[in-house]
Amino acid sequence: MDELNFEQISTLDADLILGVNSGLTRDEYDTLSEIAPTVAQPAEYADFGIPWQEMARIIGRAVGREDRAGELVSDIEARFDEARENNPEFEGSTGLLAADLEDGSVYVYAEGPAPRFLTSLGLELPAETEEAVFSETRDPVPLSLEQLELLDADALVMGVYGPDGSSVAERPVFQSLDVAEEERTLFLPEMSLANGAIKFSSLLSLPIALDEVVPRLAAVADGDPETEPEEVEELEA
């Protein structure tokens, strides 16, 4: 994740290198292009921020199957349409994606594959959070403990990346928030199928994300604290 091993990559004898949803630098791209034809992330999107539809179409063109890629995109977009129709409470409700990290910090996200998954279902970023955190940047932003109230939304989806006992969600300051007291938080463990599926948001993972996340999201967004989502389990190592 931190550094490309060009020597190892060169031994793979690839016909094509895809870095469409990546953060390749110009130097990395030039080095990879000497190994095999390389497709990097488009300049008009932030690193790791390309929409899944565009990623699919670019890869489709690169492998000579653009029409098939378009069909698969249409199929998944129809799944999103169906999810919105089956869950009308999503439209106009607020949704927020956050990450509870191993070092005890909490980050919130406005852009990228996982936040885009929520907006594709009809959820909107809370206006207060957008004004306070994302008025000048759309990059991930850490929240101090004093700012945790900005996590309040109709539905909070929180990726959990720390071991038991280190989670900010276990602290009284978080547990006193409305979003916690009213059971409006969906926790996604780092090594869970649901977390990986929305984080990567690809043609392969999005059908899994829709199956795994949407029913649980509906349970936390319905305004009824008695409706608890099915727990998301970690994958076995």
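Distance between the pseudo-spin-label points of residue 128 and residue 145 (7 Å out from Cα toward the beta carbon): 2.0 nm. Restriction of the GluC sites (Glu not before Pro) in the range 1-30 to DSSP coil positions whose beta-carbon has at most 15 other beta-carbons within 10 angstrom yields 3. With the cut-off at 1.5 for a/c, could you classify the range 1-67 from its C-alpha gyration tensor as rounded, prolate or oblate? It comes out oblate by the Cα gyration axes. By the beta-carbon count within 10 Å of each Cβ, the least crowded to most crowded order of 133, 232, fewest first, is 232, 133. Expressed in units of 2.2 N^0.38 Å, where N is the residue count, the Cα radius of gyration of the range 83-221 is 0.97. Listing 224, 154, 15, 2 from fewest to most neighbouring C-beta atoms within 10 Å gives 2, 15, 224, 154. The Stokes-Einstein estimate for the range 163-207, based on a Kirkwood radius over Cα pairs and taken at 25 °C with 0.890 mPa s viscosity, is a diffusion coefficient of 199 µm²/s. Considering only alpha-carbon pairs that sit under 8 angstrom and 6 or more positions apart, the relative contact order computed for the chain is 17 percent. Looking at the chain, the DSSP beta bridges with both ends there are about 35 percent antiparallel.
For a test of the definition: using alpha carbon positions, the gyration tensor, and the 1.5 limit on a/c, classify the range 1-159 as rounded, prolate or oblate. In terms of gyration-tensor shape, oblate. Between 77, 111, 183, the residue with the greatest mean-square fluctuation in the GNM of the chain (Cα pairs under 10 Å linked by springs) is 77. What residue among 181, 146, 190 shows peak mean-square fluctuation when the chain is described by a Gaussian network model with Cα springs under 10 Å? Looking only at 181, 146, 190, the biggest GNM fluctuation is shown by 146. Helix 206-221 and the longest principal axis of the C-alpha atoms of the chain enclose an angle of approximately 10°.
Any read-out appearing in this document is the output of simple, stated calculations on the displayed coordinates, not a laboratory observation. Treat the numbers as computed from the prediction; the structure is a model and nothing was measured. With ideal geometry, Cβ positions are generated from the backbone for all residues, glycine too; neighbour counts draw on all protein chains shown.
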